[in-house]
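Let me begin by presenting the structure, written as structure tokens, before commenting on it.
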Amino acid sequence: MSSEAEKSEQAAAAGAGDTGEPTIFDKIIAKQIPADIIYEDEEALAFRDINPQAPVHFLVIPKHRNGLTQLSKATEANEQVLGHLLLVAGRVAKQEGCTRGFRVVINDGPDGCQSVYHVHLHVMGGRKLNWPPG
């Protein structure tokens, strides 16, 4: 099992999800934990992944979680922020030099390998990515 899969299982076993407790991403937004921030606006934050899986690997997160812990729990009320996160992903991918393409991944739940229950987009590029992803 990969370390990310292990983290996901640990998070599920610990009851991660809609606990209301601040996530590591909430702490990054509050500048309580340092991160290599590459984009920020009123709604979104993008920062480099600390365990990159490609030459370019960053995360895009909503700055206001508002209960949006998993994509599978999104509602129509989340439509605007989810669209904004995708636009930010594309804009920052270009900024980071991914001119030939990139991949956007949203992990959802234990089987989707989600380890932080604050919806987030992984954006990877900078090389030819394999398919299927695994």
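The values are calculated or read from the model by the stated rules, or taken from the named source; none is laboratory data. Keep in mind that this is a model prediction, so the values were computed, not measured. All Cβ positions, even for glycine, are placed from backbone atoms using ideal geometry, and neighbour counts span all protein chains on display.
Could you tell me whether G134 is of a type in the set (G, A, S), at pLDDT below 95, over 12 Å from the mean Cα position of the chain (by Cα) and loosely packed, with under 15 Cβ neighbours inside 10 Å?
Criteria met by G134.
Residues of segment 22-51 being among the hydroxyl-bearing types (S, T, Y) and surrounded by 17 or more Cβ atoms within 10 Å (Cβ to Cβ), which ones?
Result: T23, single match.
V92 - would you say it is within 22 Å of E21 (Cα to Cα) and either of a type in the set (S, T, N, Q) or in contact with a strand residue (DSSP E or B) (Cβ under 8 Å, 6 or more places away or on another chain) (or both)?
no
Please list, ordered by residue number, the strands (runs of 3 or more DSSP E) wholly in segment 41-118 having 3 or more residues that are within 16 Å of I24 (Cα to Cα).
By residue number, 44-48, 56-62.
Which one of these is crowded, with 18+ Cβ neighbours inside 10 Å, at pLDDT 95 or above, closer than 23 Å to P133 by Cα and of a type outside the set (V, I, T): L71, L87, L59?
Exactly one residue qualifies, and that residue is L59.
How many of the residues making up segment 1-46 are basic (K, R) and modelled with pLDDT of 95 or more?
2
Among all residue pairs at least 6 apart or on different chains, which show Cβ distances below 8 Å where the first residue, located in segment 81-100, is closer than 19 Å to P52 by Cα and the second is assigned to a helix (DSSP H, G or I) and not small (G, A, S)?
From residues that are closer than 19 Å to P52 by Cα, there are no pairs.
Do we find that R65 is in contact with a His (Cβ under 6 Å, 6 or more places away or on another chain) and under 19 Å from A44 (Cβ atoms) in this structure?
Yes: the conditions hold for R65.
I want to confirm something. Restricting to segment 111-130 and keeping residues that are more than 13 Å from the chain's Cα centre (by Cα) and at pLDDT 95 or above, which single residue is nearest to I61 (Cα to Cα)?
Here the answer is G125.
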